[in-house]
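The values are calculated or read from the model by the stated rules, or taken from the named source; none is laboratory data. Note that the coordinates shown come from a computational prediction; the quantities given were computed from them, not determined experimentally. Note that each Cβ is placed from the backbone with ideal geometry, even for glycine, and that neighbours are counted across all protein chains shown.
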Amino acid sequence: MNEEPIRVWLLSSDSTFWQVASRALGGSYELQRDSQLLTNDHGLPEGWWDVALLDLRAAGYEPGPEAGFELLNQILQTALPPPVIVMLDEEDRNLCKRAMELGAHDTFVGTHDMAELRLGLRRAYRFRKTEEELRLLRSQAVVGQGLSELIGFCESMQQVFSLVHKAAPCDVSVLITGETGTGKGMLSRALHQLSPRANAPFVAFSCANLPETLVEDELFGHERGAFTGAIGMRRGRIEVSDRGTLFLDEIGDLALGLQSKLLRVLQERSFERLGSNTPIQTNFRLICATHRSLAEMVEKGEFREDLYYRLNVVQIHLPPLRERREEIPVLAYHFLERFAKQFGKKTRRFSRNALHAMEEYEWAGNVRELENIVQRAVVMAEGTTVDVGHLPARFGEGFLEPQTGSTYEEEVRHFKRRLLIRTLQECGWCKVEAARKLGVARSYLHRLIAQLQIAAPEANPQANYVEEKPWSAPVM
């Protein structure tokens, strides 16, 4: 039970409903009724509330749903908007989808008993607290100066940040490993910014999918007349990075011939431009990155063993996004705020369905893919909330399982069924644990399982439904 009651901002002209709801919900809820905003523009009060309950039923709202939706939009444009539950008449089911698209957290259609309302308010309150926790985690996720773009609070990322702070001040070679899109380039810049070479050049070059001759010219430069088309002298990346940092991305794609030349540069700290025999002294720090296993390449004879040991003085591995799913909401909100500001949009939050869809996605492109998806969603969103419909089609297909011609109610049913099955699987098909995780009463969970025709796996179904001890959801 919460120490303090859930504060509900009730926007309703129906004083009878307010009195009934206040008595039925009990001391765990504090309802403050505001009927003035429904008919007049008095300006929004300071947000003391946890949840807003907007009553647009005909009996309690004379101006009609259009003015109500405008009020919903105003609420969601405040600095820290509460989750809004919209109440509609039975015949207004077609307005439910519109309310959700505008950013409502949930809708109630027709007459609902107080138990259903209590569950809805509790879910909205929990969503509100989750958003607050995400903001707190974001403020705590960045470790130290120079890591402003690196966000993470899980153990694996904290280990990465610790290695960065230890390795950055020491002038040694660093090998960054990880899948494509995990942020290897960003990590290399952080190492440079935290090093004594921070005021010198940071030079980056990718060795991926380029001809050997072009890579050689990019790294070492050339003299005039060194080859056809060399009409002037050109300084290479190694020379430009003198006294600074050279970052070679996808070092595993470097040809064997160039590997030996790079090894010689690291050993002798000198090189010659193409077409020249004059050695040039150089002093740079080398940071390399790859998505491939250089150790396996060494065993296959595809990468020089002596160069591998030169590069692998300190190795930092960036975990893929699917191994740190708890950070997806934090990263998503980070990108949301950045792109909303960049594009001058009013987008402020994700709907719960959108967050669930992103948490379930496999993210083959990792953080880079997440960044691109959020950027697209901000562009597509017209209101303050990013919903599943603003994400690419592949998110909705695997999440809501929509069918051609399906109604809003059918899509909601698909969502509920998928959420229950996933939660039951995570809890080993123990309904007690599933009810706790979902924050609902066990009796309500039983009804949902029956309504949605969810059955335990055929193999030993009784064992999967073990209920360890009696329990019911606390009244909040």
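Report whether or not Arg322 is under 28 Å from Ala198 (Cβ atoms) and outside any loop (DSSP other than H, G, I, E, B). Talk me through it step by step, then tell me what you get.
Numbers: under 28 Å from Ala198 (Cβ atoms): no; outside any loop (DSSP other than H, G, I, E, B): yes.
So Arg322 fails the test.
Being assigned by TED's automatic domain parsing to the domain that holds Arg122, modelled with pLDDT under 80, closer than 20 Å to Gly103 by Cα and not small (Gly, Ala, Ser) narrows it down to one of Glu70, Glu66, Glu62, so name that one. Spell out how you get there, then give the answer.
Working: Glu70 fails: modelled with pLDDT under 80; Glu62 fails: closer than 20 Å to Gly103 by Cα.
The match here is Glu66.
This table checks each residue for (1) aromatic (Phe, Trp, Tyr); (2) farther than 25 Å from Met186 by Cβ; (3) at pLDDT 85 or above; (4) assigned to a helix (DSSP H, G or I).
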position	(1), (2), (3), (4)
Phe339	yes, no, yes, yes
His356	no, yes, no, yes
Leu370	no, no, yes, yes
Ala377	no, no, yes, yes
Glu401	no, yes, no, no
Ser406	no, yes, no, no
Leu419	no, yes, no, yes
Leu424	no, yes, no, yes
Trp429	yes, yes, no, no
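Quick one: which of Leu266, Leu210, Leu258 is within 24 Å of Val174 (Cα to Cα) and part of a loop (DSSP other than H, G, I, E, B)? Write out each step before concluding.
Working: Leu266 fails: part of a loop (DSSP other than H, G, I, E, B); Leu258 fails: part of a loop (DSSP other than H, G, I, E, B).
After applying the criteria, what remains is Leu210.
Can you find even one residue in segment 283-304 that is assigned to a loop (DSSP other than H, G, I, E, B) and among the β-branched types (Val, Ile, Thr)? First the steps, then the outcome.
Within segment 283-304, the first condition is being assigned to a loop (DSSP other than H, G, I, E, B), and the residues that meet it are 283-284, 291-293, 300-304.
Those left that are additionally among the β-branched types (Val, Ile, Thr): none.
No: segment 283-304 contains no residue that is assigned to a loop (DSSP other than H, G, I, E, B) and among the β-branched types (Val, Ile, Thr).
Give me the pairs: first residue in segment 149-167 and within 22 Å of Glu133 (Cβ to Cβ) and in contact (Cβ under 8 Å) with a residue 60 or more places away in the chain, second residue assigned to a loop (DSSP other than H, G, I, E, B) and aromatic (Phe, Trp, Tyr), beta-carbon distance under 7 Å, and six or more apart or on different chains, which are they?
So the pair list comes out empty.
Which one of Phe202, Phe220 is of a type in the set (A, V, I, L, M, F, W, C) and in contact with a His (Cβ under 7 Å, 6 or more places away or on another chain)?
Values: Phe220 fails: in contact with a His (Cβ under 7 Å, 6 or more places away or on another chain).
Answer to the selection: Phe202.
Can you spot a residue in segment 185-195 that is in a helix (DSSP H, G or I), in contact with a Leu (Cβ under 7 Å, 6 or more places away or on another chain), crowded, with 19+ Cβ neighbours inside 10 Å and in the same structural domain as Ser162 (by TED's automatic domain parsing)? First the steps, then the outcome.
The initial filter retains those residues of segment 185-195 that are in a helix (DSSP H, G or I), namely 185-193.
Filter once more, so that each one left must be in contact with a Leu (Cβ under 7 Å, 6 or more places away or on another chain): 186-187, 190.
Adding the requirement that they be crowded, with 19+ Cβ neighbours inside 10 Å leaves 187, 190.
Right, trim to in the same structural domain as Ser162 (by TED's automatic domain parsing) and you get 187, 190.
Checked segment 185-195: at least one residue is in a helix (DSSP H, G or I), in contact with a Leu (Cβ under 7 Å, 6 or more places away or on another chain), crowded, with 19+ Cβ neighbours inside 10 Å and in the same structural domain as Ser162 (by TED's automatic domain parsing).
Take the residues of segment 104-149 that are modelled with pLDDT of 80 or more and in contact with a Leu (Cβ under 8 Å, 6 or more places away or on another chain): which is surrounded by the most Cβ atoms within 10 Å (Cβ to Cβ)?
Going through the qualifying residues, I end up with Leu121.
For segment 339-367, give me each residue that is closer than 17 Å to Leu137 by Cα and free of Cβ contacts under 8 Å to residues at least 60 places away in the same chain.
Phe350, Leu355, Glu359
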